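One structure is given here, and the rest of the page talks about it.
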Amino acid sequence: MTPRLRVALVGPIYQENLALAYLRAVTERAGHQATVIAYSRRAEIDVAVKAVLAFEPQVVGLGIAFQNNIDDYLAFLSELRARGFRGHLTAGGHVPTFCYQELLRDAPGLDSVVRHDGEETFTEILAAVARGDVPRDLPGLVWRDGDRVAAGPVRAALADLDQLPVAARSPEPFSVGGAVVDFVLTARGCVGECHYCSIAAYTEAQQKRFRLRSPERVADEIAALYRERNARVMFVQDDLFVLPSEKRTVERVGALKAALAERGVHDLAFWVKARPETVTPAVCEALRRMGAIHVFLGVESASAERLAYLGRTHLPLHNDSAIALCRAHDIVPSFNFMLFDSDVFLDDVAVMLDMAEQHLDLPWNVCRTEVYSGTA
């Protein structure tokens, strides 16, 4: 019989980390014991390392979500080894997917890297460790082979997302003003090819850029959160919830609403994302009937030149129409401005500030423009 492992999954927990929640779910489905431990910056290193060591895991998986604090994760790896951890230490996420050579070079305490979606690869790592083997020669895995770094082939993306178990969320749900907010994925990936986007870079090699879960399985998951955790707001973390096709979007949103009604769920509010050019009257009507109260729009810029530079497929007029349609359907739109890039002119910045001034009553912000590994 395969031994049961203890597995610690470490990464940032700001609201809910569904990436780690899915890894915990597949770990437990494989018969192992798993825990998720919060760690996002160096100020938390002592508490996080102590929590890992107290759990006495044989495997630690570190989700490196943000490249602007790679140093914090390198410090964690080093400290964990210094305090006595001798098990298998692996890392996954956007940063390891593209920076595996540098990580394995600069972090001698790291044994392997999982590239792209990690559920299948991580399960196979656990099977190897449970057998007493060193994980290697697996699709999606990168490992040390003497003095060199060896990489397995890219693992094709799982075609049927319904094969995955339900994400094993934090025991205490997130809440805002007394309302329980839960987080759900109904899809993975995006059809866009924005030059700056880490998601486009991440999915390009996986053979399937965009995958959908069935409305029925999504409704099952939401209904359980509704009853077991009293969740009344669903934050949909899809990078692309509103599809490029108006017809398909209306059909999918309607199917999800109908499936929820069949399960006795009627009074949910939803927070979703959309590309401005896909927001139409029919889409807004369908979203509002489902219960959408907030749509995050991929505005990015009010300048046609900057949008083209970024690889966006919409124009400033789409920003204006999407915001107006959301307002007309009692849906609050929000958006980011990528105010600066390496080639921007002050005239472009002025155009964006003019747009911002027109919408002082809406939630918008100025985000940093960061060059992500793997992107154009």
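The values are calculated or read from the model by the stated rules, or taken from the named source; none is laboratory data. For clarity, every value in this text was computed on a predicted model and none was experimentally measured. Please note: Cβ atoms are built from the backbone with ideal geometry, for glycine as well, and neighbour counts cover all protein chains shown. In case anyone asks, the SASA skips ligands and DNA or RNA and just uses the protein heavy atoms, side chains included. Shrake-Rupley method; radii C 1.70, N 1.55, O 1.52, S 1.80 Å.
Of all residues in the stretch 241-274, those satisfying the criterion of being outside any strand (DSSP E or B), touching a strand residue (DSSP E or B) at 6+ places or on another chain (Cβ under 7 Å) and within 20 Å of Gly298 (Cβ to Cβ) are Phe241, Val242. Open to solvent by 10 Å² or more (accessible area, probe 1.4 Å), of a type in the set (A, V, I, L, M), out of contact with any Pro (no Cβ under 6 Å at 6 or more places or on another chain) and over 24 Å from Ala376 (Cα atoms) - does that describe any residue in the stretch 305-324? Checked the stretch 305-324: at least one residue is open to solvent by 10 Å² or more (accessible area, probe 1.4 Å), of a type in the set (A, V, I, L, M), out of contact with any Pro (no Cβ under 6 Å at 6 or more places or on another chain) and over 24 Å from Ala376 (Cα atoms).
Pro165 fulfils the conditions (1) assigned to a loop (DSSP other than H, G, I, E, B); (2) touching a Lys or Arg at 6+ places or on another chain (Cβ under 9 Å); (3) at pLDDT below 95 except for a single criterion, (3).
Just one of the listed residues (Phe122, Phe98) is open to solvent by 40 Å² or more (accessible area, probe 1.4 Å) and either outside any loop (DSSP other than H, G, I, E, B) or modelled with pLDDT of 95 or more (or both), and it is Phe98. Restricting the first member to the stretch 57-68 and to residues that are over 11 Å from Asp111 (Cα atoms), and the second to residues that are open to solvent by 10 Å² or more (accessible area, probe 1.4 Å) and in a helix (DSSP H, G or I), the beta-carbon pairs closer than 7 Å and six or more apart or on different chains are Gln58/Val129; Gly63/Ala19; Ile64/Ile70; Ala65/His94. Could you look through the stretch 161-182, keep only residues that are in contact (Cβ under 8 Å) with a residue 40 or more places away in the chain and over 21 Å from Gly92 (Cα atoms), and pick out the one that is nearest to the chain's Cα centre (by Cα)? Among those residues, the one meeting the criterion is Asp182.
Residue count for the stretch 342-372 satisfying the condition of being at pLDDT 90 or above and either outside any loop (DSSP other than H, G, I, E, B) or in contact with a helix residue (DSSP H, G or I) (Cβ under 6 Å, 6 or more places away or on another chain) (or both): 16. For Val154, state whether it is in contact with a His (Cβ under 9 Å, 6 or more places away or on another chain) and assigned to a strand (DSSP E or B). Considered against the rule, which asks whether it is in contact with a His (Cβ under 9 Å, 6 or more places away or on another chain) and assigned to a strand (DSSP E or B), Val154 comes out as no.
Please determine whether any residue of the stretch 325-338 is surrounded by fewer than 18 Cβ atoms within 10 Å (Cβ to Cβ), at pLDDT below 95 and in a helix (DSSP H, G or I). Scanning the stretch 325-338 turns up no residue that is surrounded by fewer than 18 Cβ atoms within 10 Å (Cβ to Cβ), at pLDDT below 95 and in a helix (DSSP H, G or I).
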